[in-house]
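The values are calculated or read from the model by the stated rules, or taken from the named source; none is laboratory data. Please read all numbers here as calculations on a predicted model, not as lab measurements. FYI the Cβ positions are ideal-geometry reconstructions off the backbone, even for glycines, and counts take in every protein chain you see. Note: areas computed on protein heavy atoms with side chains; ligands, DNA, RNA excluded. Shrake-Rupley method; radii C 1.70, N 1.55, O 1.52, S 1.80 Å.
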Amino acid sequence: WSVKVAKVMTGGGEGFGTLSSEFMAAASLGMAVGFGFASMLLRKRIDLGWVPLAGLAMMVMALLLAFLTPGGWFFLITLGLLAFFAAVFLAPLNAWLQDHYPADKRGEMQAAVNLQDCFAGMIAVGVIALFELGARLSGIDPALGFSLQMGFVGLLCGAISIQFLRTLPGDVIRLIGVAMIRAVYRIRVVDAERLPKKGGVLLLPNHVTFADAFFISAACPRPVRFVMDEAFMASPWIRGFVSVFDTLTIRQDAPLDAIRNMIAGLKTGDVVCLFPEGQLTRTGTLNELRRGFELIAKKAGTPLIPLWCDGSWGSIFSFERGRFMEKLPYRLPYSLSLAFGAPIEPARASLEAVRDGLLETSAAAIAKRFPGESREHINGHQLGQLNALQRKTKFLTLEGDLKLSGIGKPLGAFCERFGASMETRVTIGQGIWVGGDALRESIQALKPGESGVFYDFSRRCLEPVESEGWLHLPCLALDGMIIAMSMPEPPKNKENDAQQRGHLAGTWGKLLPGWYLKGSRVHGPAAPEEGLELPPGATLDIECFLHDRTTLPTAVSIAPTPSE
């Protein structure tokens, strides 16, 4: 087309070679840059969402060329952009085709595609010739005839792109949604190579925010099918989302149907994402895991991969500040770290194995986030990932007590990182207090009438505080590092929400994200290489409460530690 336009402009005489070379150079350069850009876009995974978007851009460029006078820089740039978007249109399609060829027919099928390309090129040349002939027979000016040709090309690109949009709505929405998420959230991906490149995989992440599906889609090198409770289907927006993304729904009164669908998806090679907690956390920490994934993994014969998203507690989509949404972000952009855990073979699938895998993966996510940082700084970050001490609020300490308790540095790091304030006082009064033995003795000596919240790091913290009006919250610190914390009971978001406990008698509270147990030691990026020795009898239950076995109520279910 550009060669014929150059011929019309010059009459095929002087300057024809130079002008046609300029036009061809612009198109060739645009195509080369487009394929280079497409290779960068597709370096992690093939995303067909680019195809209709590039097609629409081709339509705009072609229609613009139809109205431009040939020649000049603006014309050359538009011609180059048309070729650029053509390359972005073609590259994902070619990559997707080659990725789906049967191994024993790869060469044959690629040759067939190349042959089709040749035939399509011949047809395109024939169409141009027909337009040229039609313009001549109709007495239309040749330059106008070539503009009509490009207008036809633009409309054809638009029609094909609309068809792609109807065929691939999920790919396009996912592409745009992930781009928007990445504009607001800086996502660091850890150990993505642990996800098999092909074959079915059951992905089991922690569940902190309503946006977790988008975070995971942005981090995962493969497309993901999510499992959603059918109770959310009442909303027409969510129904549309489910239909577009090929989401698997689960009904509480008919879970076996969903299990069969998940098994079928895994056997066909899909990455299926199931949130094993079955609910969003309102404590920031891991909730009790629900059964079901063990059967799914064993029936499908596919590995399970724990996935931990660190830093999402504090996002506007989390329950931090006591509500989902309806709050302003602390800062933009917001930093997240998503880590893929070591695969768990289906024969080993159990509540305990997945719980331990998730906790160990949480440590990996935090470790990659703070390379070379001090233990106190890392521990301060861990404190900000649960609903105990609140960000941008004040808590109180008793003069001299923190020095004796040894937890002043991580508390100071928490304040510095999350905008909280720590105020030291010499007398006890109403408020939120953090401390150890000295603070405990002072609170117990108070006269009736005073009230407050007491995060107790003392040696006798598992014993109730004998002072009316005080919410007593036992906690555990080892070697100056805070390991577990009790917290006030989180409120429900909706009336029918499941209860989530913040504290439990006979426990030091919930294990902080970033810690995991191996035998009698706790490990994580804020611990020395050999770990920290737990108190005798310390063990973790299925809700991630750290128990003292010697005070364990008989009704509490304890999951065995890895050494057991």
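Observations, loosely collected:
- Residue tally, condition open to solvent by 40 Å² or more (accessible area, probe 1.4 Å) and aliphatic (A, V, I, L, M), over the range 416-441: 3
- Extreme residue, nearest to Trp96 (Cα to Cα), among residues of the range 134-172 that are open to solvent by less than 80 Å² (accessible area, probe 1.4 Å) and free of Cβ contacts under 8 Å to residues at least 12 places away in the same chain: Ala159
- Figure legend. Inter-residue proximity from the range 109-130: first residues within 14 Å of Asn94 (Cα to Cα), second residues modelled with pLDDT under 90, beta-carbon distance below 6 Å, spacing 6+ or different chains. Indicated pairs: Met109/Tyr101.
- Selection from the range 387-402 of residues that are among the charged types (D, E, K, R) and either within 12 Å of Val434 (Cα to Cα) or in contact with a strand residue (DSSP E or B) (Cβ under 6 Å, 6 or more places away or on another chain) (or both): Lys394, Glu399, Asp401
- Among the residues of the range 186-236, the ones that are of a type in the set (Asp, Glu) and at pLDDT 85 or above come to 3 in all.
- Pick from the range 330-341, criterion in contact (Cβ under 8 Å) with a residue 24 or more places away in the chain and not in a strand (DSSP E or B), ranking: least open to solvent (accessible area, probe 1.4 Å): Gly341
- Only one of the numbered conditions (1) under 17 Å from Asp456 (Cα atoms); (2) part of a loop (DSSP other than H, G, I, E, B) is not met by Ile432, and that is (2).
- Taken over the range 49-92, residues that are open to solvent by 20 Å² or more (accessible area, probe 1.4 Å) and not in a helix (DSSP H, G or I) amount to 4.
- Within the range 106-133, being among the aromatic types (Phe, Trp, Tyr) and either surrounded by 15 or more Cβ atoms within 10 Å (Cβ to Cβ) or touching a helix residue (DSSP H, G or I) at 6+ places or on another chain (Cβ under 6 Å) (or both) holds for one residue alone: Phe131.
- The requirement of being at pLDDT 95 or above, surrounded by 14 or more Cβ atoms within 10 Å (Cβ to Cβ), closer than 23 Å to Trp515 by Cβ and in contact with an Asp or Glu (Cβ under 6 Å, 6 or more places away or on another chain) is satisfied by Ala413.
- Of the set (1) in contact with a Phe, Trp or Tyr (Cβ under 6 Å, 6 or more places away or on another chain); (2) open to solvent by 30 Å² or more (accessible area, probe 1.4 Å); (3) in a helix (DSSP H, G or I), all apply to Ile46 but (3).
- Residues in the range 247-274 that are in a helix (DSSP H, G or I) and open to solvent by 40 Å² or more (accessible area, probe 1.4 Å): 7 in all.
- Single residue of the range 294-319 satisfying the filter (of a type in the set (A, V, I, L, M, F, W, C), in a helix (DSSP H, G or I) and open to solvent by 10 Å² or more (accessible area, probe 1.4 Å)) that is nearest to Ala349 (Cα to Cα): Leu295
- Residue within the range 93-101 that is surrounded by fewer than 21 Cβ atoms within 10 Å (Cβ to Cβ), within 25 Å of Gln163 (Cβ to Cβ) and of a type in the set (Ser, Thr, Tyr) present: yes
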